[in-house]
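J.: Take this structure first; my questions come after.
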Amino acid sequence: MHNPLAFAPESSYTHSVIVLSCRASKPGVTPWALALCIGVFAGCGRNDIQVYRVAKAQEAGLPSALPQGHPDISAGTGSPTLKYKVPSGWQEVAPGEMRAASFRVAGRNGKQADVSVIPLPGMAGSDLDNVNRWRGQVGVKSVSSEELTKLAQPVEVDHQSAQLYEQAGESPGSGDKTRILAAIARRDGTTWFLKMTGDDALVAEQKPAFIEFLQSVTLPSATAQMGLPASHPPIDVGSQLPPSHPPIGGAGMEAQNAPAASSGQDKPNWQVPSGWQETPGGQFLVAKFLIRGAGDAQAAINVSMSAGDGGGLLANLNRWRGQLGLAPVAGADLSKQVQPLDVPGSQATLADIAGTDARTGQKARLLAAVVPQGQQTWFYKLMGDEQVVEQQKEAFTKFVQTVKYP
Amino acid sequence: MAPVAQQVASQGRTLTPPIPPSAPAPATGALRHASPLARGLDSALNTLVRFFTSLRLTVVCLALALVLVFFGTMAQDPLGLYLAQEKFFRSFFVSAAPMWAAIKKAFEMLHIYMHPSTAADVLYGSKLPVFPGGYLIGGVLLINLIASHFKRFAFKASKAGVWMVHAGLILLLLGQLGTDLLSRESALHLREGEARNYSETEREAELAVIDTTDPQADKVVAIPQGKLMSSKSISHAELPFTLRIKNFFPNSSVNNRTADATDAPPASQGVGARATVKDLPRVTEMDKRDVPSAVVEVVTPQASLGTWLVSEYIDQPQSFTWNSRTWQLVLRPRRHYEPYSLQLLKFQHDIYPGTDIPKNFSSRVVLDRPDTGEKREVLIYMNSPLRYAGETYYQASYDEDNHGTILQVVHNPSWLTPYFSCVLVGAGLLVQFATHLVGFTRKRRTA
């Protein structure tokens, strides 16, 4: 529970004095005294920076302050499938933000080292960028890509090869001798950073234990990839309130009786064409469907919703063009790239683009429908093998045209 | 009948007695032989005094206020309450864009429909001032009232009523200014069993830079949204580094960065390195709000520590360590701490039997103030708020599962001024009327 004692402003509110002076002024006091207040009002800085001390929120003892239905954010739940063997002398600590696992290693004379396991989606920057960032943290100069290859030490993470980079120097902030051991492993579209940072001598001494730890790690499968911090609640792509957020503003009955703001992830009413297989789409998609064609050919349909115009047609078109390896188009050429789509009650737009899928290197085609609905915009994207997309074009447009929105 | 008619006429004059044409301005005689410059200044001053004491100015200001209130009300439909208030009443001038939005809405009453303006049209539209705003009209009216009062009325017992009426009006205007500048509305959301010693302003964010090194207490440096929007760089005695505001998005969406994203991530450190942030148009609806985000660079005297994306979407603080101290960055609704806490014991949602019609909403809370030892239970229900230490806690809303309450917290140091001024004006009118009544009856007796 919060300790109410804890609040002690260190710099007084500049306006509190004025508040008191206004409170003290009684109506009988000459208006000039009040008029003086005007001059002082200028000092009522609502924009002033405030400094205060608060007791540490002891969240464990607090009944959940999270909205109803909010996922548990307690530490340690973010990496259900990360497995490892803790080397002797390492103390496992709560992973905290971003980390899938965290350890503390204590050395002599109070020296410490910190071990972290951090998954990031995608490439998470090149090895060169990351190594140079770490080198900056220990105050040694950056290396070129040729020099980088010499620095990389092959190691095994989860029985697969990975690179270990070791850098030592002095921390620019504290001046302490610091060493960073960092391994980068890439699996299923996620980059894993396994890093030991701390006192130079201690980290050097712990290197064999760290390598042993790397070998013992079992990385989670692709489905357990993490993006935002572990167990982060789904992010609403719109500017509406988060799900279960209490209504704000109006204190009237109307506001009280209104249901909580929509999460924006409610599915509209639609008829899924045959051959479309619904799959989990991740937290930013309303729905995702897979269509398999002959052989390995396949295509996917992503349905998403965004508040407002979702960034506008041009920005989205150019984003899609980027996915197909095509150069962006200027606003003047926009009308040539898209065609109107007949959707009841809306001025929808259809884009049809062909190119090369930047991820697979395969030829691909993309059909995207943008359907504004009141304060929201719905995006339907069919992308994949050219032939599959051509076969599905009619079903896709019919699907978009017949969706009934909530 | 004649005396009554005379009395009415004279009453009218008491409020605005004509200046006797023979009464010279006190300094004019002395300036008769002064330099042309002094004479020019004197006449300019006289013109200024005449302008600010004129009754015509009062009438013009009242008429303009009428028009302002009309268009300000019209503008609330397309722009929403908060933006309309800011553009029409909390400003010295109304610029062309919001006025055009209001005019278009007004035309709808004549069945002439035009494409309605949006908040973005107003925020990024023409800034050309076209009409006086609330501050200007109110300010001029206040000066007009004070100036004409002191020019026309000497302090005499027979004019006590007029003095009281004018003082009441001045208090009313100043009180409203006080409310405008000093009042604050925030919300306190409590689940059953939970205690909090702060409320939050949902529509205003703050960047909390928290030094978490001390195991007992956190030191918070809270930078309000206004400062984030207006400053490029923020330094403070309590911060051993400078914060550079690289970007501020008043309304935004934050998403995971896809694996194939080609554009650079918004920040180099923390969540921002694997997220994308998108600027969104500001919302105007009452039941929605902006979700701000910012990209902040932490610059120490030695070097930059990198950039962080902070957003109300990212509710977990992002940490970094510098000079053996650990800091957290979090953008959150602005907090207002109190030296006491409220703990929700029970939220009650009563309905009329056999219906879903709400009968009463109430929150039983424990007020705990350790520095005075005060600890007591309070029942807050509709129309029965808790008034404590300058704050008023109203029962405003509740969680859908009926196990949480939302109290609206109003801090308004000048909340009593309208009451005082109404009493003062009423009493002034009574005194003035009684003074005349006494004089009139005396005259009748002598007649």
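J.: Pop out the Kirkwood hydrodynamic radius of the stretch A:161-210 from its pairwise C-alpha distances, inverse of mean 1/r, in Å to one decimal.
T.: After inverting the mean inverse Cα-Cα distance, the result is 11.7 Å.
J.: Here is a further query. Got a number for the accessible area of residue B:422? Probe 1.4 Å, square angstrom, nearest 10.
T.: Rounded to the nearest 10, that gives 90 Å².
J.: If you don't mind, another one. Go through the stretch B:240-312 and name the GluC sites (Glu not before Pro) that are in a DSSP coil and have 13 or fewer other Cβ atoms within 10 Å of their Cβ.
T.: Loop-located and lightly packed - B:285.
J.: Now, a different point. From the alpha carbon gyration tensor of the stretch A:287-337, can you work out the equivalent ellipsoid semi-axes (sqrt of 5 times each eigenvalue) and give them in Å, largest to smallest? Please report the intermediate quantities before stating the final value.
T.: Working: eigenvalues 131, 56, 12 Å².
That gives 26, 17, 8 Å for the three semi-axes.
J.: Ordering B:260, B:211 from largest to smallest accessible area (1.4 angstrom probe), what's the sequence? Please list the in-between numbers first.
T.: Working: B:260 45, B:211 10 Å².
The residues order as B:260, B:211, largest area first.
J.: Give the average over all directions of the projected area of the C-alpha convex hull of the stretch B:309-368, one decimal, in nm².
T.: 7.8 nm²
J.: Let me ask something else about it. Enumerate the amide H contacts of residue A:93 below 5 Å, restricted to partners 5 or more residues apart or on another chain; note that Pro and chain-start residues carry no placed amide H.
T.: Distant-sequence amide H within range of residue A:93: A:102, A:103, A:104.
J.: Using only Cα atoms, what is the ratio of the radius of gyration of chain B to 2.2 N^0.38 Å?
T.: 1.32
J.: Here is a follow-up. Which three semi-axes in whole Å describe the equivalent ellipsoid of the stretch B:276-424, each the square root of 5 times a Cα gyration tensor eigenvalue, listed largest first?
T.: Output for the stretch B:276-424: semi-axes of 38, 22, 19 Å.
J.: Once the Cβ-Cβ distance between residue B:233 and residue A:176 is put in as r, and R0 is 25 Å, what FRET efficiency do you end up with, to the nearest 0.05?
T.: After rounding, the FRET efficiency stands at 0.30.
J.: List, in the order given, every pair from A:85/A:207; A:141/B:246; A:288/B:278 whose Cα-Cα distance in the structure shown is over 20 Å.
T.: A:141/B:246; A:288/B:278
J.: Could you state the per residue volume, in Å³, of the convex hull enclosing the Cα atoms of the stretch A:269-406?
T.: Details: hull volume 15.2 nm³, N = 138.
Expressed per residue, the convex hull around the Cα atoms of the stretch A:269-406 is 110 Å³.
J.: Still on this structure: How high is the relative contact order of chain B, in percent, counting Cα pairs under 8 Å that sit 6 or more residues apart? Intermediate values should be presented prior to the final figure.
T.: Details: 761 pairs, mean separation 70.7, N = 447.
Rounded, it is 16 percent for chain B.
J.: Which of the lysines could a cross-linker bridge to residue B:346, judged by Cα under 17 Å and excluding same-chain residues fewer than eight apart?
T.: Reachable lysines: B:359, B:375.
J.: Where in chain B lies the longest segment free of trypsin sites (Lys or Arg not before Pro) that are both loop residues by DSSP (not H, G, I, E, B) and have at most 16 other Cβ atoms within 10 Å?
T.: Numbers: sites that count: B:32, B:90, B:127, B:156, B:232.
After excluding every exposed loop site, the longest remaining stretch is B:233-447.
J.: Would you pull out the residues with amide H under 5 Å of residue B:283's amide H, same chain only if 5 or more places away, H placed 1.01 Å from N?
T.: B:290
J.: Let me know the mean shielding of B:178-189 by other chains, meaning the per-residue number of their Cβ atoms within 10 Å of its Cβ. Intermediate values should be presented prior to the final figure.
T.: Values: counts 9, 0, 1, 9, 8, 0, 1, 2, 0, 5, 0, 5.
Mean number of neighbouring Cβ atoms from other chains: 3.
J.: Which far-off residues, 5 or more places away or on another chain, put their amide H under 5 Å from the one on residue B:305, with H placed in the peptide plane?
T.: Correct list: B:298, B:299, B:300.
J.: Where in chain B are the DSSP H helices whose C-alpha atoms run 27 Å or more along the long axis and whose mean Kyte hydropathy is at least 1.6?
T.: B:55-79
J.: Also, I was wondering about something else. Please list the radius of gyration and Dmax for the stretch B:370-447, considering alpha-carbon atoms only, with Å as the unit.
T.: So, for the stretch B:370-447, Rg and Dmax equal 23.9, 78 Å respectively.
J.: If you count only protein heavy atoms and use a 1.4 Å probe, how large is the accessible surface of residue B:352, to the nearest 10 Å²?
T.: Answer for residue B:352: close to 110 Å² accessible.
The values are calculated or read from the model by the stated rules, or taken from the named source; none is laboratory data. Treat the numbers as computed from the prediction; the structure is a model and nothing was measured. Glycine also receives a Cβ, built like all others from the backbone with ideal geometry; neighbour counts cover every protein chain displayed. For accessibility, only protein heavy atoms count, side chains too; no ligands or nucleic acids. Shrake-Rupley method; radii C 1.70, N 1.55, O 1.52, S 1.80 Å.
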